[in-house]
Structures are given as C-alpha cells and as structure tokens.
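We did not get these values from a lab; they are worked out from the coordinates using the rules stated. Since the model is a prediction, treat every value here as computed from it, not as a measurement. Cβ coordinates were reconstructed from backbone atoms using ideal geometry, including for glycine residues, and neighbour counts include every protein chain displayed.
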Amino acid sequence: MSKQLRVAIIGAGPAGIYAGNILANSYQNVEIDLFDSLPAPYGLIRYGVAPDHPRIKGIVNSLHEMLDAGTIRFFGNVTFGKDLNLDDLNRHYHAVIFATGAIHDAKLNIPGVELEGSYGAADFVSWYDAHPDYPTTWPLDAEKVAVIGNGNVALDVARMLAKQADDLLTTDIPQNVYEGLKASPATDVHVFGRRGPADIKFTPIELRELGEVADVDIVVYEEDFPEGWFNEDAEGVTNQHRVMAKVLESWRGREQTGAKRRLHLHFWHNPVEILGSNGRVTSMRFDRKGEEREYQLQAIYRAIGYFGSALEGIPFDASKGVIENVGGRVSGLQNVYATGWIKRGPVGLIGHTKSDAMETIENLIADSPNFADPEVSTKGAVLELLRERGCQFTDWAGWLHLNEHELELGANFQGVVRERVKVLSREEQVELALGGKYE
Ligand code: NAP
C-alpha cells in the first residue's frame, strides 16, 4: 500500500474540485482538504457563469457528487494569506495545490480607461452573479453601451445588457440584479472586436444564442465582410469557425424588426481612447484599419480577458498573471502545485481544466515518494488552528444547508419559480452554513 498522503487544495472552483477528484481516484490512500475564500463552493460556476446559462451551471451537479463522495473535505470562508499561509499548509500537508483561478480584468492600457462609466467585465459579472464581495447596485443608466472584446465573456455581458430582464426571471438572477436590469434604458449595445469576423474567440452555441434573444435586433456591417472574408481552408480553421461563419453570414442583411434593443457587432476596431466630460464617458475612439472612428457612448465594458492574482509566498509571473510552474509544479518550491487558470492563464472552457488537473496530479503522484511527512498529521489540527485564529469556516454540511435554503427561497419567489435565490452577504451565508439564525 502506498503511503498515506494529506493534500490541501486552495480554491473550490471547477479546477480545484477536478484536481481533488482525480487525485482521490488515482491515489488510494489520500486525505484531501479543499479550502475556498468564499463560504460556498463552485467558484466560477456560482460567480462567473451568466444566470441564463443553466446548461453550464449544470456542471455543478457532477462537482457536487465529487465533493459528496467523502474523500474531499470542503472548508469555505478560509482565505489563503490571511487565515492560512504556506508555512501552515506545509506543517499540515504533504503537498499543496493552488487552484485560485483568475477573477480580475486584464488591463486595457488606453487613455480615459479610468473615467466613470468605463467598467471591467469581470466586475459586472461579479455583480450580476451576486458575488458577496461586490456592491449590490450597478449604475445602469446608459442608452448606448460598448463591449470591448470578441470572447465569450463579451457575449455574456452584451447579452445580459441587451436581454429583457423579465426573460431572466426563472433563472437564478438575484432580485437586485433583476431590478437593475429592468430599469436599464439601454437601446444599443455595440460589441467591438479588434480583429476580423474570422478571428472571433466566441464559441458557436454562444454566438448563435445571441441571434435568438427576444426583442433584440442583431446588426452587422457590410464593411466588415469583404469578398472572401472567410477562408475555410486557411490554417487553423476549425469546424467551430465554419459554423460561426455561417451564423454571421445569416445575419448579413437581416431585416430589422423594430425590436426594443439593438446589438451591433463591429470588427477591426482597435481601441485608441475613451473620451469624457466631467469625469464621465461620452465617447470612444477606435482605429479601424488606419481610419479613426468615434462612437458616442455612455458606458464601456472591457471584456478583454481575465487576469490571475499573486498569492503570498508563491512565485508569480506578473506579465501573464499565472503562478510560475512547469507542468503544474510550482517553480522553486517543493511539494507545491498549481492547476486551472492560475496555472495556464484564463483560456478554455470549464471542461478543459480536467486535462490540466490530470497533468498536475500525475506530477504530484510521481513526486510523492519524496514527500516529507508533515509535522502535524491529524485531521482536526488544521481546524483547531483556524478556530484559534477566529476564522469562522463553513463545511460541506453547512453548504448543503445553505444550498437547500437558496433552493427553497427560489421555489416560490414572488409567485415565480426561480432556479435559486442566492444569499447575498458573506455574513448571512456563513450564519446559514453554521446553522444559525437565518433559518
Ligand atoms: P478570450 O476568449 O481570451 O477573449 C478575449 C477577447 O479580448 C479577444 O477577442 C481578444 O482579441 C480581445 N482583446 C484582448 N486584448 C485586447 C485589447 N487590448 N483590445 C481589444 N481587444 C482585446 O477571453 P474571455 O472572453 O474572457 O473568456 C475566457 C474563457 O472563458 C474563454 O475560453 C471563454 O470561451 C470562456 N467562457 C465561456 C463562456 C461560455 O458561455 N461558454 C462564457 C464566458 C467565458 P484577440 O483575439 O485579438 O486577442
């Protein structure tokens, strides 16, 4: 029998849970503790996927089974660098895996980016998904809005801004978000890509879905589709590109129905400057193939990619926003690993983090014969330490309780069946998970 291992994973999003599950299935004698800074598990799925994407949110069901199987213990409301540091983890575990993801916006370095009305998409996503560390209100007062970027986050943001709030009522949309979106005066949402329509980073389902949003007219511009704009034999062209080219083609010359809102797709628009008056956004300038273009806009959402955050004591590549690593082995440290977006950067769909986790876990298991036994190896010791430090951590049973509560709230919310109603504040989530007064 292989020697017993104790492994800590930091980050209970898909990357951390897949890593834990793969480790539990490939190494017989292992105890895994999974920590998250939030009281609830599931990271990006709970706080990054748009409310109207139940198919993607459904991944939670398999993650739930992985955590419910018993080998992995979940502890929420535990922040690495505050409640636990690397020395603590080294004292209690043979190995540590960081799966902290990438939750902030990549920076757009152009003048005017700091003006009021210029927002990072990641912040907006955190708002509409009711992340407990974000304000519950969002200034939705613009009629003409820009979304910068041609990835799926740009589509999420554009769709959420264009959709009629009433069409979101059956999802897990928080009530404050519903009310905010309902009052939005938006008439036009402009999505700007810096490259051409053949170079979009969307995926087919998400692009097609845009054309099916009720009471929204899609507008594409003939200038962006010159003869031969899509070469299906070009290097790197996949079936996905072919499908998306057909979708875009079907929108050319599409008749306007007089819908309440319009969603415009512009290509080859390279951001140059955001202009404003009295500190507020009034317009944005782009370079379109050497020609200057300016659009009157009152809000700009920058969806140009996510960026990872540095962790105390862990080597970090600040140019890429990832932990320095080779195949998931963190550079310069013994027995410390990384997986998911903090390992390879914020690209790829949720499922892709599985292959990532496989590589990291293979390397961890290969290294395991050389792991030194931790100083403290009882299961309760780390919990004692957290208690001593006044950390009110949640656990799996607590999450089940909170989950049940949110589902019940949703079951009859003001006469509508909502998928769930998330508890907004961190404190209330913790109270509920601890079986406290919010029953
Ligand atoms: P992404 O797919 O990498 O797209 C980023 C976009 O920003 C690209 O179009 C990129 O253009 C553009 N960009 C980067 N820097 C720019 C700049 N300085 N000026 C103008 N444009 C700039 O990233 P993402 O949208 O954040 O998505 C992250 C991952 O999550 C992706 O794998 C995505 O598919 C996934 N995701 C999936 C869903 C879903 O519903 N399935 C939803 C959200 C996210 P270039 O291509 O020219 O660099």
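Note the full-extension length gain between LEU400 and THR79 as 0.36 nm times their separation in residues minus their Cα-Cα distance, in nm to one decimal. Mind showing how you got there, number by number?
On the way: separation 321, 0.36 × 321 = 115.56 nm, distance 2.06 nm.
Result for the pair: 113.5 nm of gain on full extension.
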* Based on Cβ point charges of +1 for Lys and Arg and -1 for Asp and Glu, what charge dipole magnitude is obtained for the chain about its Cα centre, in debye rounded to the nearest 20? -> 240 debye
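Just flag the GluC sites (Glu not before Pro) in the range 152-241 sitting in loop per DSSP whose Cβ has no more than 15 other Cβ atoms within 10 Å. Please report the intermediate quantities before stating the final value.
Working: sites: GLU179, GLU206, GLU209, GLU212, GLU222, GLU223, GLU227, GLU232, GLU235; in loops: GLU212, GLU227, GLU232, GLU235.
Here the sparse-neighbourhood loop sites are GLU212, GLU227, GLU232, GLU235.
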* To do: Using DSSP, restrict attention to beta bridges with both residues in the range 106-305 and report what percent are antiparallel, rounded to the nearest 5.
  => 40 percent
* Asked: Which of VAL125, SER309, LEU385 sits closest to the plus end of the dipole of the chain, meaning its Cα is farthest towards the positive end, when Lys and Arg get +1 and Asp and Glu get -1 on the C-beta?
  -> SER309
* Whose amide H sits under 5 Å from the amide H of ARG302, counting only residues 5 or more places off or on another chain, with H placed in the peptide plane? -> TYR119, GLY120, ALA121, ILE148
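HIS104 to ASP317: extension gain in nm, 0.36 nm per residue of separation minus the Cα-Cα distance?
Working: separation 213, 0.36 × 213 = 76.68 nm, distance 1.52 nm.
Difference between extended and current length: 75.2 nm.
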* Can you list the HN-Hα couplings for the range 257-269, worked out from phi with the Karplus curve (6.51, -1.76, 1.60; θ = phi - 60°), rounded to whole Hz and with x for Gly and Pro? -> 9, x, 4, 5, 10, 10, 10, 9, 10, 10, 10, 6, 9
* Structure fact -> Loop-resident chymotrypsin sites (Phe, Trp or Tyr not before Pro) in the range 230-328 with no more than 15 other Cβ atoms inside 10 Å, DSSP not H/G/I/E/B, are none
* To do: Could I have the simple spin-label model distance between ARG254 and ALA214, label points 7 Å from Cα toward Cβ, reported in nm to one decimal?
  => 1.7 nm
* Taking all pairs of distinct alpha-carbon atoms in the range 194-337, Kirkwood radius in angstrom -> 18.8 Å
* To do: Would you mind working out the magnitude of the charge dipole of the range 149-280 relative to its Cα centre, with +1 at each Lys and Arg C-beta and -1 at each Asp and Glu C-beta, to the nearest 20 Debye?
  => 320 debye
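Taking R0 as 30 Å, what's the FRET efficiency between LYS3 and CYS391 from their Cβ-Cβ distance, rounded to 0.05? Walk me through the intermediate numbers first.
Details: r = 30 Å, r/R0 = 0.99.
Efficiency for this residue pair is about 0.50.
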* To do: With a cut-off of at most 12 other beta carbons within 10 Å, and DSSP calling the residue loop, which GluC sites (Glu not before Pro) in the range 245-327 qualify? Please list them.
  => GLU255, GLU312
* **Set LYS107/LYS343; LYS354/LYS422; LYS163/LYS289; LYS57/LYS354; LYS260/LYS422 screened for pairs whose C-alpha atoms are more than 21 Å apart** => LYS354/LYS422; LYS163/LYS289; LYS260/LYS422
* Selected from ALA50, ALA122, ALA381 as most flexible by GNM, with the chain as the system and alpha-carbon contacts under 10 Å -> ALA381
* To do: Round to the nearest 0.05 the FRET efficiency obtained for ALA372 and GLU427 when R0 = 56 Å and r is the Cβ-Cβ distance.
  => 0.90
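What does DSSP give for the chain in terms of the percent of beta bridges that are antiparallel, rounded to the nearest 5? Write out the running numbers ahead of the final one.
Values: 24 of 65 bridges.
Approximately 35 percent, going by the DSSP bridge assignments.
Normalised by the residues of the chain, what does the relative contact order come to in percent, with Cα pairs under 8 Å and at least six apart?
Values: 892 pairs, mean separation 97.2, N = 439.
Worked out over the chain, it gives 22 percent.
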* **Table column - 3J(HN,Hα) (Hz), the range 326-335, Karplus curve with 6.51, -1.76, 1.60, x for Gly and Pro** => 10, x, x, 7, 6, 5, x, 10, 8, 6
* To do: In whole Å, largest first, what are the principal axis extents of the Cα atoms in the range 106-305?
  => 48, 40, 32
* Describe numerically, in nm with one decimal, the distance between label points set 7 Å from Cα along Cα→Cβ at ASP167 and at GLU232. => 2.9 nm
* **Rg/Rh for the range 57-130, where both radii come from Cα atoms and Rh is the Kirkwood radius** => 1.10
* Mean projected area in nm² (Cα convex hull; one quarter of hull surface) for the chain -> 23.1 nm²
* Under Karplus coefficients 6.51, -1.76 and 1.60, residue-wise ³J(HN,Hα) of the range 420-430 in Hz, glycine/proline x -> 6, 10, 6, 6, 7, 8, 4, 4, 5, 4, 5
